[in-house]
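First up is the structure itself, then whatever we jot down about it.
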Amino acid sequence: METSDASGYRREWMEGQCEDSDPRKTTAEGSRPTSDTSQQPSVYGGQTSVLKERSEMMKEMDEKIRKEMFERMKEMDNKIRKEMFKRMKEMDNKIRKEMFEMTKEMDDKIRKEMFEMTKEMDDKIRKEMFEMMKEMDNEKIAFPGRAIQIPQQKKDEYEVLKEKNKNLESRYQELLAKTMSMHQHSEDINDPLRLSAVLQKYEMLQLQQWEKVRSSMPCYWTYEQGRCIIKKLFDACEKDIQQRTEDILKALAIPLWNKAVIEETMRAIRKLFRQPYYQNYPKVHSEIVQEAAILTGTGNETESQFLLQCCQIYCLLLLQDPPVKAEWKMNRRYLEHVDKKDPVYWKNPSLLWPIMKRGEDVVAKGVVWDQRRMT
């Protein structure tokens, strides 16, 4: 019996040893610790997510900073423009006032000198003529035989003096015309509708109101759209004033051959129109905008004000004496670029704002843009 028990015990011990030596059973039974990595998150995946979030935050901060910087620069730019315009206006008013005073003084001085000169010459000629006639009478009495020869000699002297007088009269008329021309272009500094004041409004329309209306639109106006709108408005203004002037001339029944009377009447009509076109803003100009048939379809208040201001300012320029008119022909001598570029860098330029001319004199330069640009 002992032998049988010992043999069974040995067999059980060997089976246990065999089971311990099987690595599959050891792993399965958990005798060796193992780790399941299939459910653990990737370290590199977490780092990528954090970097992405940081990138988005930096991008947002960058956009915010850019926006704030743009707003600040815009405010500073507007402030600087306003200050510069104010200073330029003050300087312009001061210079114009000084020029007006100088012109007035020169006008008075020239008139006085011309009057004195004419008076002296007149007195001198009268005195010489009197002396000559006196001598002729005396010689005629003293020497009756020479009466035929002496009058001929005195007559020749008289013709020479007469020619001198004629030349002096011509010179006087020339100086008088120059004086009147200087006086004609002098301005009443207290008149709000004088040419210099209206040109200042026109300059502000170009610099501030144009950019203001562009930025207020849902879609920026292109320069091509701006040119088309401005030209339509200016053409409509010319047509409106011309029609009203012709109606008045027709009612007055002035003969067409009487050019002098027509010109003087038109000058009076322009002066008569100036106040109504200024005071009845925006009633009169709304009719002109409708006549121009400008359809943008936005109903933007800033846009409406810009259109009305264009009409008002150009009408006031047309009603100057002589009138100021837009010229849409390119002349590089009287042009500047919208971006203040040197002419050598212009590329296929086109007019945005026309050249303003008063007769043959240019009173405001035209403004061009490069047609290759999209905005």
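Some observations on this one:
- Heavy-atom accessible surface of region 235-375: percent carbon and sulfur, 1.4 Å: 51
- Reach of LYS52 by Cα under 28 Å, taken over lysines that are not fewer than 8 positions away in the same chain: LYS64, LYS67
- If the segment from LYS59 to ASN331 were pulled out straight at 0.36 nm per residue, it would be longer than the present Cα-Cα gap by 93.1 nm.
- Applying both filters, DSSP loop and at most 15 other Cβ atoms within 10 Å, to the GluC sites (Glu not before Pro) of region 310-369 gives GLU360.
- Estimated FRET transfer efficiency (GLU159, GLN208; beta-carbon r; R0 51 Å; 0.05): 0.15
- Eligible lysines near LYS86 by straight Cα distance, threshold 28 Å, same-chain separation 8 or greater: LYS74, LYS94, LYS97, LYS104, LYS201, LYS212, LYS325, LYS340, LYS341, LYS357, LYS365
- Computed with a 1.4 Å probe on the full set of protein chains, the accessible area for THR265 sits at about 30 Å².
- Across region 325-343, the residues whose backbone nitrogen lies under 20 Å from the label position 7 Å along the beta-carbon direction of MET84 are 335-343.
- For region 254-300, accessible area per residue (1.4 Å probe, heavy atoms of protein chains only), Å²: 69
The values are calculated or read from the model by the stated rules, or taken from the named source; none is laboratory data. All figures in this text were calculated on a predicted structure; none of them were measured in a lab. Cβ coordinates were reconstructed from backbone atoms using ideal geometry, including for glycine residues, and neighbour counts include every protein chain displayed. In case anyone asks, the SASA skips ligands and DNA or RNA and just uses the protein heavy atoms, side chains included. Shrake-Rupley method; radii C 1.70, N 1.55, O 1.52, S 1.80 Å.
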